[in-house]
Amino acid sequence: MNRFAFELSSYTLKTFSGFSKASIKISGKHNIPDGSVIFTANHFTRIETIFLPFHIHNITKKEIWSLAAAELFDVPVLKGALNNLGAVSTKDPHRDELILRTLLSGDVQWIIFPEGMMVKNKKLIKRDQFALSDEREAKRPHTGAAIVALRCEFYRERLRRMKELNESEFDRLVNVFEIEDSDQVLNQETHIVPVNITYYPASPKENILSKIAQIVMKEPSKRVMDELMTEGSMLFSNVDINIRFGEPVNIKGYLNDPYIESMLTVKRKIKLDVDTNAKQILKQFSIKIMENYMSSVYSMTSFNYDHVLACILKHFPYREDGIDIYEFKCKVCFAILWLVSNKTYFVSDNFQENQIHLLTDDRFKRFADFFVIAENTNVIKIKDGKIFKDQTKFITRSNFHTIRIENPILVMANEVEPVRKVEKFLKEVAQKSRDEIMSLVKDKLLEKINVDFSRDYNDYYIEGESKKKRIGKPIFLKHKTQSAGVLLIHGYMAAPEEMKTFAHYLHEKSFTVYVPRLKGHGTAPEDLAKTSYEQWIESAEEAYVVLKHSCKKIIVGGFSTGAGLALELSTRLGDIQAVFAVAPPMRLNDLGSYFVPAIDAWNSMIKKIHLDTIAKEFIENNPENPHINYLRNPIAG
């Protein structure tokens with residue numbers, strides 16, 4: 001292929017990517033070795049044959065060629081673009097020879113989609129095996145990538161041995177494979193690098209491509225609309241695309257077989273591709289290799305809200321009177337907290353943020369957006385705070401080419417299946433009773449709150465300045481009646497200790513009391529300087545949910561900034577019975593506060609010109625309770 005054409009096409013793609021709203025995150029670059037590399041990736045959309053080579057080329061700086069569906073080359077415009085990008089038709093008669101020759105030199109790296117088709121339904125498991133199901137049959141993933149890799153490493157090793165044993169055979173092989181630098185070939189190895197591509201959200205939507213099709217075509221087929229709505233969403237919507245490279249599979253070790261060893265060493269000319277014994281042995285090895293890289297591809301799925309919500313909905317026991325929405329939310333939240341704390345599986349970046357919004361106001365519309373899709377596709381109906389699901393939507397076979405628009409919830413759930421431990425866990429969570437999940441969520445939140453405080457305290461501790469740990473530790477006083485609970489929120493630069501006396505007084509009056517630590521407090525001013533007001537809200541919300549899972553009624557109150565937070569909570573959360581505010585911030589009494597934005601801007605400018613020593617980060621604070629409050633007030637706070 002013309003290298004200039006490849007570079008020009010890559011530049012065109014780079015320019016085009018500027019118009020795309022997709023956010024692409026790439027992980028695992030360190031797993032890409034030098035030498036002969038085949039990338040094996042999962043295949044959900046056609047655009048992967050375009051953007052994946054582009055991004056790998058940016059990493060390796062090598063030409064990246066790929067196998068693409070033969071029908072794409074029937075479209076003249078696509079054919080030219082694909083050829084320039086190094087795509088080769090799966091039906092090209094010289095396909096295998098081209099891959100072997102270019103791979104052996106290491107100058108070109110290849111992408112092969114072992115699924116052999118776009119897996120629109122993401123149905124990947126059948127009878128505990130990897131199997132791809134379309135509208136006609138279920139079939140195993142292709143072993144082609146493994147076969148090519150084995151052949152490549154076989155001939156590399158044979159070249160190495162013939163160089164010592166039979167120079168004429170060595171020269172013949174060099175000519176056959178058009179090798180220009182034999183030392184380069186011999187100093188490399190062959191690897192298969194598994195690649196996972198995960199999209200969020202992955203549901204099809206109306207977009208510019210689908211709208212144009214409806215104008216240009218009188219009656220576009222459902223298949224056409226499925227592909228345009230899916231592909232267009234990836235390009236023109238705010239979709240997160242995670243590309244993750246897994247640990248490389250070294251192929252050399254798979255040649256350790258007596259018969260293969262004899263073929264590597266024999267001096268006469270051999271024909272690996274027609275030797276029956278060799279073909280059988282390599283086929284057996286290729287299946288093992290395929291199982292290896294396919295397992296890796298699917299295990300690298302970046303779990304997101306779609307996966308968790310769809311899988312829990314699928315396995316939630318049927319209830320004639322409907323599923324309580326809050327119970328459903330609790331199961332989703334608990335599952336996400338477990339996935340994040342487990343650290344065994346890959347998760348969306350969104351999961352690393354505080355998830356308490358799932359149990360309060362759903363301000364990021366994780367549930368709202370999911371419910372809209374589920375209702376529009378008749379998977380659920382929502383009435384009077386209950387979810388009524390149609391379980392047949394999870395067991396009835398859908399049309400392979402239209403499932404992404406007809407039943408996207410099932411597609412989301414299917415993507416979880418290959419990671420069996422995660423699917424099993426989500427199924428177990430879905431089937432827990434309401435009382436059990438309420439208790440588990442409360443315990444998980446309390447555990448998280450304590451872990452967060454210990455981590456922050458240790459990270460920001462300043463000898464001689466930080467207070468004792470008990471000052472900042474959250475206070476939870478449970479009462480046996482559990483009828484009413486009071487959420488007490490401390491003030492700015494203070495800590496839970498500020499509310500301790502009042503908390504014990506209320507507890508003696510038969511209230512369960514929770515005094516949370518607002519993030520950034522109870523540690524050091526440097527911690528507070530890096531904390532946002534939104535994080536204080538999250539701290540208060542966590543405490544609110546703990547009380548909600550402990551008591552029948554909730555009262556919220558606070559002092560100073562805590563009073564402001566209490567009032568803010570009461571405007572958003574409908575089940576708060578009463579609210580009180582002591583000295584809420586109505587206006588700024590300290591004239592110096594008016595100059596904080598200017599000082600903050602000054603500090604930013606000073607840092608940009610590397611004069612940090614004169615930047616003013618803190619101002620002195622003289623509190624009434626110096627044994628509790630910070631003595632330095634961060635400007636950023």
Test Ser454 against the stated conditions and say whether it is of a type in the set (S, T, N, Q), closer than 26 Å to Asn621 by Cβ, buried (at least 18 other Cβ atoms within 10 Å of the Cβ) and at pLDDT 95 or above.
no
Kindly indicate whether Glu463 is crowded, with 21+ Cβ neighbours inside 10 Å and among the acidic types (Asp, Glu).
no
Could you look through segment 399-423, keep only residues that are acidic (Asp, Glu) and modelled with pLDDT of 90 or more, and pick out the one that is surrounded by the most Cβ atoms within 10 Å (Cβ to Cβ)?
Glu415
Which of the residues belonging to segment 15-62 are of a type in the set (Ser, Thr, Tyr) and either modelled with pLDDT of 85 or more or assigned to a strand (DSSP E or B) (or both)?
Ser23, Ser27, Ser36, Thr40, Thr60
How about segment 299-341: which of its residues are within 14 Å of the chain's Cα centre (by Cα), of a type in the set (Val, Ile, Thr) and in a helix (DSSP H, G or I)?
Val308, Ile336, Val340
Being basic (Lys, Arg) and at pLDDT below 90 is the requirement here; does Lys211 meet it?
yes
For segment 136-156, which positions are modelled with pLDDT under 95 and farther than 18 Å from Gln284 by Cβ?
Arg136, Glu137, Ala138, Lys139
Residue ID - modelled with the lowest pLDDT, chosen from residues in segment 222-260 that are in a helix (DSSP H, G or I) and aromatic (Phe, Trp, Tyr):
Phe236
Mind listing whichever residues of segment 24-56 are under 10 Å from Ile243 (Cβ atoms) and among the acidic types (Asp, Glu)?
Glu48
Of all residues in segment 506-532, which are assigned to a strand (DSSP E or B) and not hydroxyl-bearing (Ser, Thr, Tyr)?
Val513, Val515
Glu353 vs. criteria assigned by TED's automatic domain parsing to the domain that holds Leu339, free of Cβ contacts under 8 Å to residues at least 40 places away in the same chain and either among the basic types (Lys, Arg) or touching a His at 6+ places or on another chain (Cβ under 9 Å) (or both)
no
Please tell me if Ile537 is in contact (Cβ under 8 Å) with a residue 40 or more places away in the chain, buried (at least 19 other Cβ atoms within 10 Å of the Cβ), among the aliphatic types (A, V, I, L, M) and closer than 24 Å to Met438 by Cα.
no
For segment 294-314, does any single residue satisfy the condition of being at pLDDT 95 or above and exposed (fewer than 15 other Cβ atoms within 10 Å of the Cβ)?
no
Which ranges mark the strands (runs of 3 or more DSSP E) fully within segment 533-633 that have 1 or more residues being of a type outside the set (Gly, Ala, Ser) and at pLDDT below 85?
618-620
Test: residue in segment 470-483 that is in a helix (DSSP H, G or I), touching a Ser or Thr at 6+ places or on another chain (Cβ under 7 Å) and surrounded by 20 or more Cβ atoms within 10 Å (Cβ to Cβ):
yes
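A quick yes/no check of all residues on (1) of a type in the set (D, E, K, R); (2) touching a residue at least 24 places away in the same chain (Cβ under 8 Å):
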position	(1), (2)
Glu498	yes, yes
Thr501	no, no
His504	no, yes
Pro516	no, yes
Tyr533	no, no
Leu573	no, yes
Val582	no, yes
Check segment 74-86 and report whether any residue there is closer than 25 Å to Tyr155 by Cβ and modelled with pLDDT under 80.
yes
Segment 366-388, subset over 27 Å from the mean Cα position of the chain (by Cα), among the charged types (D, E, K, R) and outside any loop (DSSP other than H, G, I, E, B), residue surrounded by the most Cβ atoms within 10 Å (Cβ to Cβ)
Lys386
Any idea which of (1) free of Cβ contacts under 8 Å to residues at least 40 places away in the same chain; (2) among the acidic types (Asp, Glu); (3) crowded, with 20+ Cβ neighbours inside 10 Å is the one Asp527 doesn't satisfy?
(1)
Output the residue which, of all residues in segment 389-398 that are assigned to a helix (DSSP H, G or I) and polar (S, T, N, Q), is surrounded by the most Cβ atoms within 10 Å (Cβ to Cβ).
Gln391
May I ask you to list the residues in segment 452-476 that are closer than 16 Å to Val545 by Cβ and within 25 Å of the chain's Cα centre (by Cα)?
Asp452
Assuming Val416 fulfils every condition listed in (1) of a type in the set (A, V, I, L, M); (2) closer than 30 Å to Asn196 by Cα; (3) not in a loop (DSSP other than H, G, I, E, B) apart from one, which condition is it?
(3)
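The values are calculated or read from the model by the stated rules, or taken from the named source; none is laboratory data. A quick note: this is a predicted structure, and the numbers were derived from the prediction, not measured. Here Cβ is always computed from backbone atoms with ideal geometry, including for glycine, and neighbour counts include all displayed protein chains.
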